[in-house]
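I have placed the structure first, in the form of structure tokens, so that the comments after it can refer back to it.
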Amino acid sequence: MARIAGVNIPTQKRVEVALRYIHGIGPAKAKEICAKVGISDNRRVSELSDAEVIQIRETIDRDYLVEGDLRREVAMNIKRLMDLGSYRGLRHRKSLPVRGQRTHTNARTRKGPAKAIAGKKKVTK
């Protein structure tokens with residue numbers, strides 16, 4: 001099993017697909033990495049030599065922000081918004097949708113499960 005950027009990538013998948021298991025690498029960056037290293041599209045991870053795996057690892061370390069460093073940067077950006085007291089920061093602090101979505105209905109993913117309101121009874125017709 002190949003270990004790149006602290007992640008065990010699956011051996012039976014194509015290289016381009018397996019690289020996507022690394023946080024911060026999507027379809028476009030995976031293709032770009034394969035092109036830089038010179039690996040064809042249909043090669044499997046199990047078919048790679050140790051030298052090619054090392055080459056992929058070095059390319060990712062040198063050119064891309066992935067895994068822990070990327071997560072840390074995103075967390076710091078959110079913390080900065082919260083410390084500034086900007087509108088987006090306040091939305092993050094209150095665990096509400098940040099990008100303008102409605103909250104009267106929906107937004108359950110961000111707000112969590114619905115809480116019952118004391119004293120309010122259901123209206124029957």
When you scan segment 46-64, how many residues do you find that are in a loop (DSSP other than H, G, I, E, B) and surrounded by 13 or more Cβ atoms within 10 Å (Cβ to Cβ)?
2
Can you find, within segment 15-28, the residue that is most open to solvent (accessible area, probe 1.4 Å) among those that are assigned to a helix (DSSP H, G or I) and touching a helix residue (DSSP H, G or I) at 6+ places or on another chain (Cβ under 8 Å)?
R20
Here is a list: R43, R80, R3. Which entry is in contact with a helix residue (DSSP H, G or I) (Cβ under 9 Å, 6 or more places away or on another chain), loosely packed, with under 15 Cβ neighbours inside 10 Å and modelled with pLDDT of 95 or more?
R80
Checking G68 against (1) open to solvent by less than 100 Å² (accessible area, probe 1.4 Å); (2) small (G, A, S); (3) more than 16 Å from I22 (Cα to Cα): exactly one of these is not met. Which one?
(3)
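The values are calculated or read from the model by the stated rules, or taken from the named source; none is laboratory data. Please read all numbers here as calculations on a predicted model, not as lab measurements. Every residue, glycine among them, receives a Cβ derived from its backbone with ideal geometry; neighbour counts consider all protein chains shown. Side chains included, ligands, DNA and RNA excluded: accessible areas come from the protein's heavy atoms. Shrake-Rupley method; radii C 1.70, N 1.55, O 1.52, S 1.80 Å.
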